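Peer 1: Here it is, the structure, as structure tokens.
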Amino acid sequence: MLMQKGFASDNNSGVHPDVIRAIEAANSDHVVAYGDDVYTKRAIEKMRQAFGKDIDVHFVFGGTGANAVALKAMTDSYNAIICAETAHMNVEEVGAPEKLTGCKLLTIPSKNGKITVDGIKSHLHALGNQHHAQPKVVSITQSTEYGTVYTPDEIRDIADFAHEMGLLLHVDGARLANAAVSLGTGFKQITAGVGVDALSFGGTKNGMMYGEAVIFFDRELSKDFKYIQKQATQLPSKMRFISAQFDAVLSNGLWRSMAANANEMAKTLANELRSIPQIKITQNVEANAVFALIPKRYLAEIRKRYFFYTWHEDAKSAEVRLMASFDTTIEDIDAFVEFLKDVIEK
Ligand SMILES: Cc1ncc(COP(=O)(O)O)c(C=O)c1O
């Protein structure tokens with residue numbers, strides 16, 4: 001369905017032209033399938049420059065798949081995975097991580113998408129007790145599902161505590177680029193440099209067509225990964241077309257400029273919305289998401305032109321999520337805000 005360019009999701013955007021060009025450039029001759037090709041070698045080299053030399057990188061089809069296979073490599077079926085109640089893997093992956101790993105997800109209530117060491121502690125009362133699933137992994141999302149961002153120190157605290165307790169740290173980095181831009185860091189400073197063991201690294205939400213990567217900083221974890229990846233149907237045969245995309249976004253600062261635009265546009269959108277007294281911004285705008293409370297009586301009219309998702313609602317208002325993308329423009333924001341004002345003031 002064609003729709004008004006809006007703010008429903010960074011998944012609704014298209015693909016950056018440089019990425020399309022990279023796919024086209026990879027579309028010649030035959031190369032060996034399943035990753036034994038020059039495009040994949042080049043992309044892995046770029047990943048090493050961005051994340052550090054001592055990593056194992058695997059390209060997969062999607063974000064849910066990346067989380068599920070990464071977690072499978074980190075756990076046994078009697079383990080538990082600790083994450084925020086708001087985590088994508090808990091709310092929106094149809095239980096894929098549980099199905100693939102056999103693990104129980106232990107969730108921590110969170111108002112802003114983040115978790116802390118205290119929250120993790122609340123799930124560690126039965127370590128060593130055979131009647132309880134044994135926590136093995138802590139998973140955090142960066143940037144979070146609420147558009148907030150963990151600082152490097154916050155990640156380091158979680159990693160240190162997890163390791164002290166014999167646990168591993170996984171990051172769902174579907175929007176890691178937005179977090180790095182927000183913090184003014186590179187990728188290494190918020191992953192390998194602060195104790196992260198494994199990462200689901202997103203490409204699709206930041207200008208790629210499809211494809212994500214699973215990166216292991218603790219390389220021992222990836223020793224059986226090739227079997228896990230294939231069995232879980234996450235081994236792309238024409239891998240060069242994912243690799244070529246990652247090569248493009250990791251070249252010439254493209255990932256940074258795309259995420260910077262998305263973050264900047266989210267801030268601008270939030271500022272504009274703050275000028276409408278009936279609308280209230282509910283979360284800190286630290287990456288490319290804006291959460292806003294809108295009185296429900298206006299929603300049907302707004303949705304006649306703009307599609308977006310409701311996160312929560314009560315009798316009177318809906319908390320909606322608005323996302324900016326690599327290709328969001330000031331004109332998009334002006335048109336949306338003007339339309340909102342028209343509807344609200346009518
Ligand atoms: C934080 C986060 N993780 C993982 C995913 C999963 O990505 P996919 O839809 O490619 O499975 C999403 C998708 O929206 C996401 O927002």
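Every read-out reported here was derived from the displayed coordinates using simple, explicitly stated rules and does not represent laboratory data. Keep in mind that this is a model prediction, so the values were computed, not measured. Note: ideal-geometry Cβ built from the backbone for every residue, glycine included; neighbour counts use all protein chains shown.
Peer 1: Please compute the net charge surrounding Val15, taking Lys and Arg as +1 and Asp and Glu as -1 over other residues with Cβ under 15 Å from its Cβ.
Peer 2: -3
Peer 1: Using a Förster distance of 51 angstrom, determine the FRET efficiency expected from the C-beta separation of Lys121 and Thr233, and round it to 0.05.
Peer 2: For Lys121 and Thr233, the calculated efficiency is 0.90.
Peer 1: Of all DSSP beta bridges in the chain, what percent run antiparallel (nearest 5)?
Peer 2: 55 percent
Peer 1: Okay, next question. Give me the percent relative contact order of the stretch 106-256, please, defined on Cα pairs under 8 angstrom at least 6 residues apart.
Peer 2: This gives 17 percent for the stretch 106-256.
Peer 1: Between Arg274 and Ser257, with labels modelled 7 Å along Cα→Cβ, what's the label distance in nm to one decimal, could you check?
Peer 2: Computed distance between label sites Arg274 and Ser257 equals 2.9 nm.
Peer 1: In the stretch 150-287, how many lysine pairs have Cα atoms under 29 Å apart, counting only pairs 8 or more places apart or on different chains?
Peer 2: Total qualifying Lys-Lys pairs in the stretch 150-287 comes to 16.
Peer 1: I'd like to compare 21-33, 194-206: which one has the highest average count of other Cβ atoms within 10 Å, and what's the full order after that?
Peer 2: Taking the mean over residues of other Cβ atoms within 10 Å, the ranking is 194-206, 21-33.
Peer 1: For Asn12 and His132 in one chain, what is 0.36 nm times their gap in residues minus the Cα-Cα distance, to one decimal in nm?
Peer 2: 39.1 nm
Peer 1: Which one of Val214, Val320, Val171 has the biggest mean-square fluctuation once the chain is modelled by GNM with Cα springs under 10 Å?
Peer 2: Evaluated over the chain, the most mobile residue of the options is Val320.
Peer 1: Could you give the length gained on full extension between Asp54 and Arg219, defined as 0.36 nm per residue of separation minus the Cα-Cα distance, in nm?
Peer 2: 58.6 nm
Peer 1: At 25 °C and a viscosity of 0.890 mPa s, what translational diffusion coefficient does Stokes-Einstein give for the chain, taking Rh as the Kirkwood radius over Cα pairs? Give it in µm²/s as a whole number.
Peer 2: Answer from the Stokes-Einstein relation: 118 µm²/s.
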